[in-house]
Amino acid sequence: VIVHSDCAVTRHHVMQSGGGLPVKNAEEFAGAVAELAESGDLARALGKAGDLYVRRQYSWEAVLGRLDAVM
């Protein structure tokens, strides 16, 4: 995923997951798109990291476990 670095929420998720690239402007966005298009290994690694993060943090088991702990 490519996120705007000024958005604290999406930037946080990208930094926690290792599953994306934060960018500041259109020039950096174009660079990130080009980098991902040129490097299948990078794209796959980011995708894998993002997928793992979502499964760990937002699967039913993970969400219900946190909810149960709070209750």
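Coordinate-derived values only; no laboratory data. All values reported here derive from a predicted model rather than from experimental measurement. Neighbour counts run over all protein chains shown; Cβ positions are idealised from the backbone, glycine included.
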For Val23, enumerate residues with amide H under 5 Å from its amide H, sequence gap 5+ or separate chain, H modeled in the peptide plane. Val3, His4, Ser5
Among Ser17, Val3, Gly47 the positive-end extreme of the charge dipole of the chain (Cβ point charges): Ser17
In whole µm²/s, the translational diffusion coefficient that Stokes-Einstein assigns to the chain, given a Kirkwood hydrodynamic radius over C-alpha pairs, 25 °C and 0.890 mPa s, equals 185
Nearest 10 degrees, 0 to 90: helix 40-58 Cα axis against the chain principal axis: 20
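Give me the number: length gained by fully extending His4 to Val33, i.e. 0.36 nm times residue separation minus the C-alpha to C-alpha distance, one decimal in nm.
That works out to 9.1 nm of additional length.
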At 222 nm, what helix-only mean residue ellipticity would the chain give, in deg cm²/dmol to the nearest 500, using -39500 (n - 2.57) for each DSSP H run of four or more? -24000 deg cm²/dmol
